[in-house]
Amino acid sequence: PAECAGYAVAAAAAALTVAEPVALSLALALCGVAAGGVALRAERRPVAAYAGGVLLVLAWWVRLGSWEVTSPEAYTLPVAIPALAVGHLHRIRPEVSSWAAYGPGLATTLVPSLVAVWMDTHWLRPLLLGTAALALTVLGARSRLKAPLLLGGGTAALVAVHELAPYVVQVAGLLPRWAPPAAAGVLLLALGATYERRLRDARRLRRAVGRMR
């Protein structure tokens, strides 16, 4: 009964502060700390630990919203970094794949930043995201881990497409109308002439990626 009364008081306190973001952030943070205390009990640990983490993240997000912070990295990195740390600890077990260990944390920070890049006109975010994605790709290739390799490579490729697309459109506008179809035809002929070799390369690449963890 005392524990249920505490939950009711915490819910009422959070509900009373909905109109005040600063007070709501403080209430959520205190509830998260209290949930962490409840997680010290073995029979309450799984649910209380997750609830405490969620409450602390929500408290941070509400405080950022009250400060009118619009950069998605400020919201995603506090979630991604602990997720990657926990995933790295789970990588001790050989049966845990890199997708299960690092996939959620990497996707949490890469996907919102990639969406922001495609909606942003400045150069700093594409530069930072492209550099981080390239570093992840190299790390995944050296460590033979699928999640960093594929997520980092895909992100780097999409950032490159976003940055190069305006210049490609400008060059295409300067060329004669028959030039793009002609170039496409030459490319198709080249791919057709080396079809068997490309197919062997694709199979070899698929086997190499399949052997990664």
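The values are calculated or read from the model by the stated rules, or taken from the named source; none is laboratory data. As the structure is a prediction and not an experimental result, all values here were calculated from the model. Note that we place each Cβ from the backbone using ideal geometry, even for glycine, and neighbour counts take in every protein chain shown. Heads up: the accessible areas ignore ligands, DNA and RNA and are worked out on the full protein's heavy atoms, side chains in. Shrake-Rupley method; radii C 1.70, N 1.55, O 1.52, S 1.80 Å.
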To the nearest 10 degrees, how steep is helix 45-66 against the longest Cα principal axis of the chain, on a 0 to 90 scale?
-> 70
Give the Kirkwood hydrodynamic radius (Å, one decimal) of the chain, defined as one over the mean of 1/r across all pairs of different Cα atoms.
-> 21.3
Accessible area, probe 1.4 Å, largest first, for residues 81, 92 | 92, 81
Which whole-number percent gives the relative contact order of the chain, counting Cα pairs below 8 Å spaced six or more residues apart?
-> 12
Give the accessible surface of segment 138-179 per residue, rounded to a whole number of Å², with probe radius 1.4 Å and ligands, DNA and RNA excluded.
-> 69
Relative contact order for segment 41-104: what is it in percent, counting Cα pairs under 8 Å that are at least 6 residues apart?
-> 23
How much of the accessible area of the chain, in percent, comes from carbon and sulfur atoms when a 1.4 Å probe is used?
-> 74
With a ≥ b ≥ c the root eigenvalues of the C-alpha gyration tensor of segment 91-132, is it rounded (a/c under 1.5), prolate (a/b larger than b/c) or oblate?
-> prolate
Per residue, what accessible area does segment 1-109 have, given a 1.4 Å probe and all protein chains present, in Å²?
-> 62
Relative to the first principal axis of the alpha-carbon coordinates of the chain, what is the inclination of helix 179-193, with its axis defined by its Cα atoms, in degrees from 0 to 90 and to the nearest 10?
-> 90
May I ask you to derive the FRET efficiency for residue 123 and residue 40 from their Cβ-Cβ distance with R0 = 35 Å, giving the value to the nearest 0.05?
-> 0.15
Dipole magnitude of the chain about its Cα centre (Cβ charges: Lys, Arg +1; Asp, Glu -1), debye to nearest 20 = 1380
Of 12-23, 153-164, ordering from highest average Cβ density within 10 Å down gives 153-164, 12-23
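When a/c reaches 1.5 or more, the comparison of a/b and b/c decides; with that in mind, is segment 1-89 rounded, prolate or oblate per its Cα gyration tensor?
In terms of gyration-tensor shape, oblate.
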Quick one: ranking 44, 203 by accessible area, 1.4 Å probe, largest first, what do you get?
-> 203, 44
Starting from the Kirkwood radius over alpha-carbon pairs of segment 146-192, derive D by Stokes-Einstein at 4 °C in a medium of 1.567 mPa s and give it in µm² s⁻¹.
-> 100
